[in-house]
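The structure appears below as structure tokens.
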Amino acid sequence: MIIKKIGAKAVKDSRGEKTIQVLVKTSKGKFVTSAPAGKSKGKFEVRSYVGSLNGDIVVINHLDISKINSLRLRKFEDLKKVEKIIGKRLGANSLFTLEASLLKAMASENNQELWRFLNPRKINFKIRSVGNAIGGGLHSKGVNGKRPDFQEFLFIANGNDFSECVKINYLAYYLTRKYLGFWSKRNDEGAWETDETNEGVLMIMKKVKEVVKEKYRLDVDIGLDIGSSSFYKNKEYVYKNPFRKLNKSRQVDYVVKLIKKYDLFYVEDALDENDFSGFVEVNCYAGSQCLIVGDDLTVTNPRRLKRAIKMKSINAIIVKPNQIGSLLKVKEVVELAHKHKIKCIVSHRSGETADDTIADLAVGFGCEFIKTGIYGSVRRAKLKRLIKIEKN
């Protein structure tokens, strides 16, 4: 593969904020990747940029192409050579976009799509869609100054194939609006906003689940992204709607109660991002019934995942490539998780672009779920890409 150009520039994400886009040009064409941006970030994530977005752009635009070409990039593992040259000069967003664009170029040289290049073996395509239907926490303004404290309320469809899963989630999403009120507006992830309490929303979702099953003969599960770190203050979980404070023990009891009461299939970030032992308790009490998912806890970091495995804190993990930057480490996380029977959920971020790279990564790395929005062009771009891959 002979690279003719590597270029980076700033583009706007779905919130109108600047993010990075990287282009790699070869004789086969132009290969572009743009990075998302999270509003709710784990404190242990790798910084998005070293210094600044513009600083990282300058670094990429001044890369010695002849030196990159001398690496003879042909396979996924060759990214090690790239990372050796880059060193610590790029943040997670920039390294991810550069590596993904290089991988797309390598795949094209092999006349393969990215997902197939990542996994040339026969793939058993069975991915479920985790869709954000109702927003709260840091992701929503709410209504009349009130909103649920939990960050995301999710539908996870059980369909015969991925295309059907997407349709079921979409159906559940629109049925939800009926119970919230047709005046409901959407937040920056396309999820409905409301002034309901956490349990008020869960009761609505449970009703929707029943309607989907009884009227349409379809099956959908319910999930939560609690986002606990965003309201954890001075060793207490401080709820505003309604107001109350829970210590660690009472938070564990509350989460377990919700899992059992509303038959939850999925609970993400149930406790603070430092509380591995708290996750252990939730996983112990409810893990056989529900996916206990680490995001801020694990931040797509092999070292933190190893700690979670050793303590048995989780049985599922969020995989966000731009939390760690290195796609080599992303693959390491997925392989380590699967080795220990931990499910993997490749995930979008709240500030997104139309880039659909994570769909190929989900298939190529053999992940069981993809988490993205249900509504909005930048969210559905990932879903459409997966539907296209499924048909191949």
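Summary table
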item	result
Top-ranked residue in segment 350-360 [being buried (at least 24 other Cβ atoms within 10 Å of the Cβ) and not β-branched (Val, Ile, Thr); ranked as farthest from residue 157 (Cα to Cα)]	352
The listed residue being among the small types (Gly, Ala, Ser), exposed (fewer than 14 other Cβ atoms within 10 Å of the Cβ) and either assigned by TED's automatic domain parsing to the domain that holds residue 373 or not in a loop (DSSP other than H, G, I, E, B) (or both), out of 66, 94, 108	66
Exclusive hit being modelled with pLDDT of 95 or more and outside any strand (DSSP E or B), set 138, 154, 103	103
Residue list for segment 255-290, restricted to those being buried (at least 17 other Cβ atoms within 10 Å of the Cβ), at pLDDT 95 or above and in a helix (DSSP H, G or I)	255, 256, 258, 259, 276, 278, 279, 280, 281, 282, 283
Residue match in segment 201-220 (condition: part of a helix (DSSP H, G or I), touching a helix residue (DSSP H, G or I) at 6+ places or on another chain (Cβ under 9 Å), at pLDDT below 95 and of a type in the set (A, V, I, L, M, F, W, C))	no
Residue that is nearest to residue 283 (Cα to Cα), among those in segment 235-249 that are in contact (Cβ under 8 Å) with a residue 12 or more places away in the chain and outside any strand (DSSP E or B)	248
Candidates 199, 214 - the one that is under 25 Å from residue 297 (Cα atoms) and either among the hydroxyl-bearing types (Ser, Thr, Tyr) or surrounded by fewer than 19 Cβ atoms within 10 Å (Cβ to Cβ) (or both)	199
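Table: residues versus (1) in contact with an Asp or Glu (Cβ under 9 Å, 6 or more places away or on another chain); (2) in contact (Cβ under 8 Å) with a residue 12 or more places away in the chain; (3) surrounded by 20 or more Cβ atoms within 10 Å (Cβ to Cβ).
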position	(1), (2), (3)
308	no, yes, yes
312	no, yes, no
322	yes, yes, yes
326	yes, yes, yes
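The values are calculated or read from the model by the stated rules, or taken from the named source; none is laboratory data. All figures in this text were calculated on a predicted structure; none of them were measured in a lab. Ideal geometry is used to build each Cβ from the backbone, glycine not excepted, and the neighbour counts take in all protein chains shown.
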